[in-house]
Amino acid sequence: MDKDRVKGKLDDAAGRVKRQVGEWTGDTEKQAEGTAQQIKGKAENAWGKMKDAARDAGKEANKEPIRRRGDDEEVERERQKDRDVA
């Protein structure tokens, strides 16, 4: 898990608490700050998810393909056909 996702979750939760306290006390400035912090947290979380997905896709692309029994013979037959044509 990317550190941006963790930081995003923490910012989202802290912003939610701050917004709720602002609602209870009638402090509109605190509500706005909490909402802004929530939005920031959600954006950080989304960025972290994208980074995780890119990292996972890179790992998947670098994996060696699974070879089945008989693949080597099939490849060799194709090469022999190419040599016969040339």
Picked from the range 50-73 (must be surrounded by 10 or more Cβ atoms within 10 Å (Cβ to Cβ) and over 24 Å from residue 8 (Cβ atoms)), the residue modelled with the highest pLDDT is 72
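Against the definition (among the aromatic types (Phe, Trp, Tyr) and surrounded by 13 or more Cβ atoms within 10 Å (Cβ to Cβ)), how does residue 24 come out, yes or no? Show your work before the answer.
Working: among the aromatic types (Phe, Trp, Tyr): yes; surrounded by 13 or more Cβ atoms within 10 Å (Cβ to Cβ): no.
Taking the combined requirement at face value, the residue does not satisfy it.
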Residue 34: passes all of (1) modelled with pLDDT under 95; (2) assigned to a helix (DSSP H, G or I) but (1)
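The values are calculated or read from the model by the stated rules, or taken from the named source; none is laboratory data. What you are looking at is a predicted structure, and each value in this text was computed from that prediction instead of being measured. Glycine gets a Cβ as well: all are built from the backbone with ideal geometry, and neighbour counts include every protein chain shown.
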